[in-house]
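A short worksheet on the structure shown next.
The values are calculated or read from the model by the stated rules, or taken from the named source; none is laboratory data. No experiment lies behind these values; they were computed from the predicted model shown. Cβ coordinates were reconstructed from backbone atoms using ideal geometry, including for glycine residues, and neighbour counts include every protein chain displayed. Remember, those area values only see protein heavy atoms, side chains included, never the ligands or the DNA or RNA. Shrake-Rupley method; radii C 1.70, N 1.55, O 1.52, S 1.80 Å.
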Amino acid sequence: MKLLVLDGNSILNRAFYGIKLLSTKAGEFTNGIYGFLTMFKKLCDETEPDAVAVAFDRKAPTFRHEEYADYKAGRKKMPVELAMQLPLLKEVLSAMRIKMLEIDGFEADDLLGTVAKAAEQEGMEPLIITGDRDALQLVSPKTKVVITKKGISEMEEYDQETFLDKYGFTPDQFVDYKALMGDSSDNIPGLPGVGEKTAHKLILEFGDVAGLIAGADRITNEMLRAKVEENVQLALMSRRLAEINTNVPIEINFDEFLAEEPDFDLLIELYRK
């Protein structure tokens with residue numbers, strides 16, 4: 001059974017910036033919703049899923065903010081033109097009878113990971129759709145991840161083989177890779193002075209953050225060795241921030257994810273609006 005799981009905030013955001021502003025006569029902006037639904041229809045036509053769910057972030061702080069107060073600090077505030085489209089999109093998805101998931105204290109990524117893991121245990125084949133490369137750590141023998149790229153039409157699909165071809169290490173190691181190089185968009189610090197290339201080299205040599213810390217004395221570059229030895233706690237914290245939680249305490253009933261016929265009367269009313 002195929003399960004399509006979408007990162008609602010990420011795809012709405014990608015659609016908003018990929019399509020010029022559109023609005024109703026009442027002044028409600030709709031370009032993000034239009035782009036989201038266009039992409040969603042394309043994905044459904046191509047994959048023919050048996051079940052669908054859309055995960056959303058909430059405004060409440062997450063467990064990552066509790067760990068690191070500056071998590072996601074400095075990120076630009078969502079434009080009003082985009083923010084007003086979020087509740088409208090949820091109205092449309094509700095009329096389409098699409099299962100929506102959100103919970104205080106966790107991000108959409110965590111919900112994607114939790115649902116995918118549970119689906120795998122039920123023998124399903126999850127396909128995760130997101131614009132966030134963090135989700136690549138969820139790639140497995142059963143789970144594939146599609147990363148949206150430019151606009152709403154370009155996408156990259158990753159299974160274990162394509163991931164290995166691109167990165168040279170396993171999806172499980174992606175979280176360590178990100179922990180070492182940091183992430184400016186999420187304000188994950190990483191190791192000072194360690195960028196993409198150095199992080200990649202260290203993962204290939206030491207396997208993960210724990211292996212790097214344990215084998216720091218084998219690093220030949222003295223400056224790099226000093227950075228690792230002086231920032232052990234920073235590296236470990238960065239890894240905790242980067243890791244997707246696949247055990248979110250949320251009740252999952254896959255019967256509720258099964259594709260249903262939309263409430264056409266309500267949907268037509270919303271589309272006319």
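Yes or no, residue by residue, for (1) aliphatic (A, V, I, L, M); (2) crowded, with 18+ Cβ neighbours inside 10 Å; (3) within 17 Å of ASN247 (Cα to Cα):
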| residue | (1), (2), (3) |
| --- | --- |
| MET100 | yes, no, no |
| ILE128 | yes, yes, yes |
| LEU138 | yes, yes, yes |
| VAL146 | yes, yes, no |
| SER153 | no, no, no |
| TYR167 | no, no, no |
| PRO171 | no, yes, no |
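From the list GLU260, GLU196, GLU251, which one is open to solvent by 30 Å² or more (accessible area, probe 1.4 Å), within 28 Å of the chain's Cα centre (by Cα) and touching a residue at least 40 places away in the same chain (Cβ under 8 Å)?
One residue alone meets the criteria, GLU260.
Please return the ranges of helices (runs of 4 or more DSSP H) entirely within region 20-134 where 1 or more residues are among the charged types (D, E, K, R) and touching a Gly at 6+ places or on another chain (Cβ under 9 Å).
Hits in region 20-134: 63-67, 80-83, 85-95.
Assess whether ASP183 counts as being over 13 Å from the mean Cα position of the chain (by Cα), touching a residue at least 12 places away in the same chain (Cβ under 8 Å), surrounded by fewer than 19 Cβ atoms within 10 Å (Cβ to Cβ) and within 25 Å of GLY18 (Cβ to Cβ).
For ASP183, the condition - over 13 Å from the mean Cα position of the chain (by Cα), touching a residue at least 12 places away in the same chain (Cβ under 8 Å), surrounded by fewer than 19 Cβ atoms within 10 Å (Cβ to Cβ) and within 25 Å of GLY18 (Cβ to Cβ) - is met.
Does region 203-212 contain at least one residue that is open to solvent by 20 Å² or more (accessible area, probe 1.4 Å), without any contact (Cβ under 8 Å) to a residue 60 or more places away in the chain, under 22 Å from TYR68 (Cα atoms) and part of a helix (DSSP H, G or I)?
yes
Got a sec? Which of GLU222, GLU243 is acidic (Asp, Glu) and crowded, with 16+ Cβ neighbours inside 10 Å?
GLU243
Considering every residue within region 87-96, establish whether at least one is more than 29 Å from LYS144 (Cβ to Cβ), among the hydrophobic types (A, V, I, L, M, F, W, C), open to solvent by 10 Å² or more (accessible area, probe 1.4 Å) and touching a helix residue (DSSP H, G or I) at 6+ places or on another chain (Cβ under 9 Å).
The answer is yes, given that some residue of region 87-96 is more than 29 Å from LYS144 (Cβ to Cβ), among the hydrophobic types (A, V, I, L, M, F, W, C), open to solvent by 10 Å² or more (accessible area, probe 1.4 Å) and touching a helix residue (DSSP H, G or I) at 6+ places or on another chain (Cβ under 9 Å).
For region 178-214: of the residues being among the small types (Gly, Ala, Ser), out of contact with any Gly (no Cβ under 9 Å at 6 or more places or on another chain) and at pLDDT below 95, which is nearest to ARG133 (Cα to Cα)?
SER185
Quick check on this structure: which one of ALA55, ALA60, ALA69, ALA73 is at pLDDT below 90, in contact with an Asp or Glu (Cβ under 9 Å, 6 or more places away or on another chain) and within 30 Å of LEU234 (Cβ to Cβ)?
Matching residue, one of ALA55, ALA60, ALA69, ALA73: ALA60.
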